[in-house]
């Protein structure tokens, strides 16, 4: 999978454009946001105006500023969780598939346990138990519940590659197991791992927003999910503050769409059978 192939894929181009936009918004949040997202000194329920582009919420906070700062947290959750899940998949899937034997049996048994556990109930139970923690707590909870399927796919690929001639040559030359995995196995399944990353990041963004929305995160943290949580609690629609719900919901939709498009694009490039004429 080459960068040139990604650049010429329409799905990848659209997905990357949206993702880069949100990344720039997150990085430049201190410069773009006109006010502090936690400032509650404004008149509650103001309509959209030049001073408050999206109005204010029932707590007297500027909605536009919260939306900008929320991009930083929501995007960070997706990227951090996707990276963490990929690392777990590397150990539980790729390494166990290459090593084989008792280590593979033990790690595969753990993977099978997580595969049969219902993801959504487990996610809710763990989040409820650790309720009120930092965003990193949610990252850990989502990573724990989201790694197993990808690890199973990577294990199958590692088993298919471990007896290939170039791997045998590296083994005979005395290279360590980890070096063989990282230098010879992983590069040959890079497309699958990149697709897994975007899939995991998409799962993380939606899971974080959903958990925050039902009150299982930290309500004091400014994210798109907590914006929806406070909007629901304040009955924003009944009070005519529809922007308070629409803005973060639309951002979650767009970010999820970008990650989904990148996931599909990488799959399409890595697997010729998925390509359209």
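The values are calculated or read from the model by the stated rules, or taken from the named source; none is laboratory data. What you see is a predicted model; the values in this text were computed from it and never measured. All Cβ positions, glycine included, derive from the backbone under ideal geometry; neighbour counts span all protein chains shown.
Things to note:
- In summary, residue 205 fulfils each of the numbered conditions (1) more than 21 Å from residue 91 (Cα to Cα); (2) more than 24 Å from the chain's Cα centre (by Cα); (3) surrounded by 18 or more Cβ atoms within 10 Å (Cβ to Cβ) with the single exception of condition (2).
- Any chance residue 15 is out of contact with any strand residue (DSSP E or B) (no Cβ under 9 Å at 6 or more places or on another chain), touching a residue at least 40 places away in the same chain (Cβ under 8 Å), over 19 Å from residue 248 (Cα atoms) and crowded, with 19+ Cβ neighbours inside 10 Å: no
- Given (1) over 30 Å from residue 189 (Cβ atoms); (2) touching a helix residue (DSSP H, G or I) at 6+ places or on another chain (Cβ under 6 Å); (3) at pLDDT 90 or above, index of the condition residue 24 fails: (2)
- Here the condition is being surrounded by 15 or more Cβ atoms within 10 Å (Cβ to Cβ) and not in a helix (DSSP H, G or I); of 34, 44, it holds for 44 alone.
- Breaking point among (1) out of contact with any helix residue (DSSP H, G or I) (no Cβ under 6 Å at 6 or more places or on another chain); (2) modelled with pLDDT of 90 or more; (3) not in a helix (DSSP H, G or I), for residue 60: (2)
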